[in-house]
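> Once you've had a glance at the structure underneath, I'll fire off some questions.
Nothing in this text is a laboratory measurement; each read-out follows from the coordinates by a stated rule. Note that this is a predicted model, so its numbers are computed, not measured. Every residue, glycine among them, receives a Cβ derived from its backbone with ideal geometry; neighbour counts consider all protein chains shown.
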Amino acid sequence: MAGTSDTVSVSLPATGIALSVRPVHEHEVGRAPVDLDRPVAAVVRDGQLRNFGHPDVQRLAPGDRLVCIEDVDRGIDDPTLHEPDGADNR
């Protein structure tokens, strides 16, 4: 695990993603998790972990912490790595 005092990141190498937990930024307060620049998997509010789609967290509040998804395998979205029949070329 790596991070600063406000952000914690966990890399999941076999999946090509990393999860980071960070405080909500001032400019994000009042917005929905799906409206942010980076994908949000969950929101921690008042010590409770809520899925990003949970009705209680559809407006981000000061003090919220976001569980964000980061793409660490840049080839993961490369359409040439996937077969048309759904089989994976990787």
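> What full-extension length gain, to one decimal in nm, is calculated for Arg31 and Leu49 as 0.36 nm per residue of separation minus the Cα-Cα distance?
So the extension gain works out to 4.7 nm.
> Could I ask something else about it? Could you compute the net charge surrounding Asp6? Neighbours are other residues with a C-beta less than 11 Å from the C-beta of Asp6; K and R count +1, D and E count -1.
+2
> With Cβ to Cβ distances under 15 Å as the rule, what net charge do the other residues near Val40 carry (K, R +1; D, E -1)?
Neighbourhood net charge equals 0.
> Further, regarding this structure: Over every pair of different alpha-carbon atoms in region 1-57, take the mean of 1/r and invert it; report that Kirkwood radius in Å. Mind showing how you got there, number by number?
On the way: mean 1/r = 0.0796 Å⁻¹.
So the Kirkwood estimate lands at 12.6 Å.
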